[in-house]
Amino acid sequence: GESVGLHLPTLSVQEGDNSIINCAYSNSASDYFIWYKQESGKGPQFIIDIRSNMDKRQGQRVTVLLNKTVKHLSLQIAATQPGDSAVYFCAENRYSGGSNYKLTFGKGTLLTVNP
Amino acid sequence: NAGVTQTPKFRVLKTGQSMTLLCAQDMNHEYMYWYRQDPGMGLRLIHYSVGEGTTAKGEVPDGYNVSRLKKQNFLLGLESAAPSQTSVYFCASSRRQTGNYTEAFFGQGTRLTVV
């Protein structure tokens, strides 16, 4: 079936290192992807998004890469800080009929930053 | 600007009891969603609404009902709670998505335990 998934459930990095979180998707018709960060006890928060007509988008310390050939998405966090420790979700804006879309989430990756 | 507000934040129910979770947003968003989050399952869409007076089923709608009588409110009802409905529930809202690209804003979540 069609799904949005993550390669690794957990990732542990040292403070100051770069982090890379991966996501695979199978719906080639999806045209918009979002990365969310969820801290313990809180709701998901928007980090960065990318449209399917782009390969790369940069934000503050974060970069999202989109490889449509292999249906792969990644989130790169530069100089990872303890405050980056959270669960990261990729989400796919999937067409659901008519003029409607709905957001479908992957299972998430837990990022732990060691001091 | 409160964003998306969920009430209550915590609740314990006995099997067979009913309850309603309230979601309110003050951003004049057209779309609203209810998700549940279980360990290792990510966020799964229960029901969603593309506008006042309309609702639609998501991935896991069984055992839940919703209503969108006012644009700013989206209610999630459990008519007869079951232990399998123990979860953290998140409400989200977003601007209209007809070809536009927009992220969803999430509430802080409601932790529901059914015993």
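Here are some notes:
- Per residue, the convex hull around the alpha carbon atoms of chain B comes to 97 Å³.
- Unpaired cysteine residues in the protein assembly as shown (no second Cys Cβ under 4.7 Å): none present.
- B:ALA82/B:MET27 FRET efficiency (R0 30 Å; Cβ-Cβ; nearest 0.05): 0.35
- Peptide B:28-41 - average C-beta neighbours from other chains (10 Å radius): 2
- The lysine pair tally for the protein assembly as shown, using Cα distances under 14 Å and a gap of 8 or more places or different chains, is 5.
- Comparing mean-square fluctuations of B:LYS71, B:LYS14, B:LYS57 from a GNM of chain B with C-alpha springs under 10 Å, the top value falls on B:LYS14.
- Taking every residue in B:55-68 and counting other chain Cβ atoms within 10 Å of its Cβ, the average works out to 1.
Read the figures in this text as sums done on the coordinates, not as results from a lab. Predicted model, so just to flag it, every value in this text is computed and none were measured. Please note: Cβ atoms are built from the backbone with ideal geometry, for glycine as well, and neighbour counts cover all protein chains shown.
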